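What follows is a single structure, written as structure tokens, with notes after it.
What follows draws every value from the coordinates through simple rules; no lab data is involved. Note that the coordinates shown come from a computational prediction; the quantities given were computed from them, not determined experimentally.
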Amino acid sequence: MTLDAQGTDATDRAGLNGQAPRCDHIDQLPQVQYGPAECKECLTLDRPWTRLLVCLICGWVACSDDSQGGHARAHYEETDHPVVATLESRSTWRWCYVHRRTV
């Protein structure tokens, strides 16, 4: 057993050899219904978006950082909801804003 600085078992949180530790935020994700496939803020401002992300805590859909608005990050900064996924079909990509990496 490997203990972390707090004396708890760190083995369960470890990734594969050479990978970053497991993100505990993905263990806390509820089942959510996604909002419409649009960025409401960009629609209001009449701006296009590059890619849409969905908040995996509440289902809010907003544009990604590579869009002009970056409204998904703004949602994280306002709510502290840490994990988003892309709305692209068949993608398993998820991003944790807290750890600043894919999970």
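Which of rounded, prolate, oblate describes the stretch 61-103, given a ≥ b ≥ c as roots of the alpha-carbon gyration tensor eigenvalues and a/c under 1.5 marking rounded, otherwise prolate only if a/b is larger than b/c? List each step's numbers first, then the result.
Details: a/c = 1.87, a/b = 1.17, b/c = 1.60.
Oblate is the answer for the stretch 61-103, as a/c is 1.5 or above yet b/c matches or exceeds a/b.
On a full-extension model of 0.36 nm per residue, what is the gain between residue 79 and residue 101, subtracting their alpha-carbon distance, rounded to one decimal in nm?
Details: separation 22, 0.36 × 22 = 7.92 nm, distance 1.86 nm.
Answer, rounded to one decimal: 6.1 nm.
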